[in-house]
Amino acid sequence: MIKPDMGVKSCAAGSVRPIRVGGLLLPSNVLMAPLAGYTCYPFRMLAYELGAGLCFTEMCSANALKYEDRATNRLLFTTEDEPIRAVQLLGGNPAVMERMAGSVLLRDFDIIDINMGCPVPNVFKSGEGCALMQDFKRAAAIIRGCKRSGKVVTVKCRVGIREEELFAAEFARMCEDSGADMITIHGRSRSMMYDGKPHMEEIRHAKAAVSIPVIANGGIFSVEDAVNMMERTGVDGVMIARYGLENPFVFSELTGKCCGKTAFEILMEQLELAARYYDETFVLGYMKKIASYMMKKRKGTKRYKERLFASGSLEELREMIGMIFGGVGSGVLSD
């Protein structure tokens with residue numbers, strides 16, 4: 001059964017520490033990225049339990065919130081049990097962003113993270129996400145408008161748009177001058193999307209250019225990657241993305257926060273927590289995606305993936321998770 005490898009925590013010693021963002025003190029500088037379709041309330045609570053210092057909602061469209069879209073509103077679900085509540089807001093209209101940042105819809109959130117890094121074509125063409133890096137004036141107006149909410153405001157961006165023109169330091173200075181309390185920099189350009197080695201030197205330049213915390217993101221798929229990123233860039237922390245889905249224990253491994261649970265136990269707890277707050281259709285879809293990610297690199301599970309996704313009820317899903325992850329009454333699968 002999978003358990004965290006606490007033998008690697010020694011390599012992170014000295015790199016992981018609490019970090020202050022605005023008026024908030026995060027318990028660790030290891031953050032969980034906002035990931036569409038995954039970082040709903042149950043997964044955020046898991047990441048916090050395992051040592052994450054901050055977790056974000058899935059990306060929420062300010063325009064969709066303005067029209068009270070039901071699916072988007074569901075992304076905002078939280079409870080008082082969530083240690084620090086951070087919402088990621090996507091939008092390109094300064095007036096709409098300011099209005100939504102100060103709206104009753106976001107009253108329960110401590111932090112507003114502005115998405116200025118999403119590279120997907122439909123977002124980019126609409127002038128949102130990474131497209132804001134091409135318009136410093138509009139990006140600055142959005143930051144200033146969101147700050148009027150009185151909340152802590154952070155920005156997530158990239159190192160630039162194209163490989164031949166990277167400007168992370170300049171953009172970071174604009175964010176700080178406009179009032180941002182922290183900036184997270186994905187080390188790839190927009191043209192690179194999600195592939196290729198991150199430009200660590202660009203992140204290092206950005207860190208040197210500002211006094212607010214700078215978090216590095218992108219290309220982190222192990223504890224060693226995370227430590228290497230911090231050492232080579234001098235950043236204040238790291239943000240884990242897809243690897244956090246594949247191996248949630250990475251937060252324990254990096255922070256040294258004790259976790260004696262197996263993958264099976266974690267998934268069962270996720271299922272029960274999700275079922276407490278969401279309908280069965282949502283729970284089935286969410287759990288299948290999470291279990292599928294955690295199946296990666298586990299021997300003997302590939303042939304069970306089809307059966308996992310065919311599960312039509314929570315009871316069938318529990319049974320399949322037990323077979324795959326070695327729960328009570330099930331042996332660990334092998335090739």
3J(HN,Hα) from dihedral phi, the range 40-49, Karplus parametrisation 6.51/-1.76/1.60, rounded to Hz, x for glycine, proline:
6, 3, x, 5, 4, 5, 5, 4, 4, 4
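Need one word for the range 179-225: rounded, prolate or oblate. Basis is the Cα gyration tensor (sqrt eigenvalues a ≥ b ≥ c); a/c below 1.5 gives rounded, then a/b vs b/c decides.
Working: a/c = 2.02, a/b = 1.59, b/c = 1.27.
Prolate.
Using unit Cβ charges (K, R positive; D, E negative) and no other charged atoms, how large, in debye to the nearest 20, is the dipole of the chain about its Cα centre? Show your work: numbers first, answer last.
Working: 43 positive and 40 negative charges, 63 e Å.
Result for the chain is approximately 300 debye, rounded to the nearest 20.
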Using modelled amide H (1.01 Å from N, peptide plane; none on Pro or chain starts), what sits under 5 Å from the amide H of ILE19, excluding residues fewer than 5 places away?
LEU26, SER28
Under a 5 Å amide H to amide H cut-off, with H placed in plane at 1.01 Å, what residues pair with MET182 once short-range neighbours are removed?
VAL155
At what distance in nm do the modelled label points of GLU319 and TYR277 sit from each other, each positioned 7 Å from its Cα along Cα→Cβ?
3.0
Phi-derived 3J(HN,Hα) across the range 278-288 with the Karplus relation (6.51, -1.76, 1.60, θ = phi - 60°), rounded Hz, x for Gly and Pro, is 10, 6, 4, 4, 5, 4, 4, x, 5, 5, 5
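Could you work out what % of the accessible surface of the chain is carbon and sulfur, using a 1.4 angstrom probe and leaving DNA, RNA and ligands out of the count? Write out the running numbers ahead of the final one.
On the way: 6940 of 13990 Å².
Summing carbon and sulfur atoms, their accessible area is 50 percent of the total for the chain.
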Which residue fluctuates the most in the chain, going by a Gaussian network model with Cα springs under 10 Å, if the choices are GLY219, GLY150, GLY117?
GLY150
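Of all GluC sites (Glu not before Pro) in the range 167-201, which ones are in loop regions per DSSP and have a Cβ with at most 11 other Cβ atoms within 10 Å?
Values: sites: GLU170, GLU176, GLU201; in loops: none.
The qualifying sites: there are none.
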Whole-number accessible area per residue in Å² for the chain, which is evaluated in the context of all protein chains at 1.4 Å:
42
In a Gaussian network model of the chain with springs linking alpha carbons closer than 10 Å, the residue among GLU164, GLU98, GLU58 that fluctuates most is GLU164
Expressed as an acute angle from 0 to 90° and rounded to the nearest 10, what is the orientation of the C-alpha long axis of helix 168-178 relative to the principal long axis of the chain?
70
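With +1 assigned to the C-beta of every Lys and Arg and -1 to the C-beta of every Asp and Glu, and no other charges, what is the dipole magnitude of the range 106-223 about the Cα centre in debye, to the nearest 20? Don't skip to the answer; put the middle values down first.
Details: 17 positive and 15 negative charges, 53 e Å.
That gives a dipole near 260 debye.
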Residue with peak Gaussian network fluctuation, the chain [Cα springs, cutoff 10 Å], from MET268, MET100, MET116
MET268
Name the residue from GLY300, TYR286, MET323 whose Cα lies farthest towards the positive end of the charge dipole of the range 283-325, charges +1 on Cβ of Lys and Arg and -1 on Cβ of Asp and Glu.
GLY300
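To check you understand DSSP bridge types, tell me what percent of the beta bridges within the chain (both residues inside) are antiparallel, rounded to 5.
Details: 5 of 36 bridges.
Counting only bridges with both partners in the chain, antiparallel ones make up about 15 percent.
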Value of relative contact order over the chain, rounded to a whole percent, pairs C-alpha under 8 Å and six or more apart:
17
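At a Förster radius of 56 Å, what calculated FRET efficiency corresponds to the Cβ-Cβ distance of ARG148 and SER292, to the nearest 0.05?
Working: r = 41 Å, r/R0 = 0.74.
Rounded to the nearest 0.05, the efficiency is 0.85.
Give, in nm to one decimal, the length gained when the segment between ARG303 and ALA95 is fully stretched (0.36 nm per residue of separation minus the Cα-Cα distance).
Working: separation 208, 0.36 × 208 = 74.88 nm, distance 5.07 nm.
Here the segment from ARG303 to ALA95 would lengthen by 69.8 nm.
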Go through the range 305-318 residue by residue and turn each phi into a ³J(HN,Hα) via Karplus (6.51, -1.76, 1.60, θ = phi - 60°); whole Hz please, and just put x for glycine and proline.
4, 4, 5, 4, 6, 8, 4, x, 8, 5, 5, 4, 5, 4
May I ask you to derive the relative contact order of the range 80-213, considering only C-alpha pairs under 8 Å and at least 6 residues apart, and to give it as an integer percent?
22
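The values are calculated or read from the model by the stated rules, or taken from the named source; none is laboratory data. All values derive from a computational prediction rather than experimental measurement. Cβ sites come from the backbone with ideal geometry, for glycine too, and all protein chains shown count toward neighbours. The protein model used for the area step is the full one, side chains on, heavy atoms only, and it has no ligands, DNA or RNA in it. Shrake-Rupley method; radii C 1.70, N 1.55, O 1.52, S 1.80 Å.
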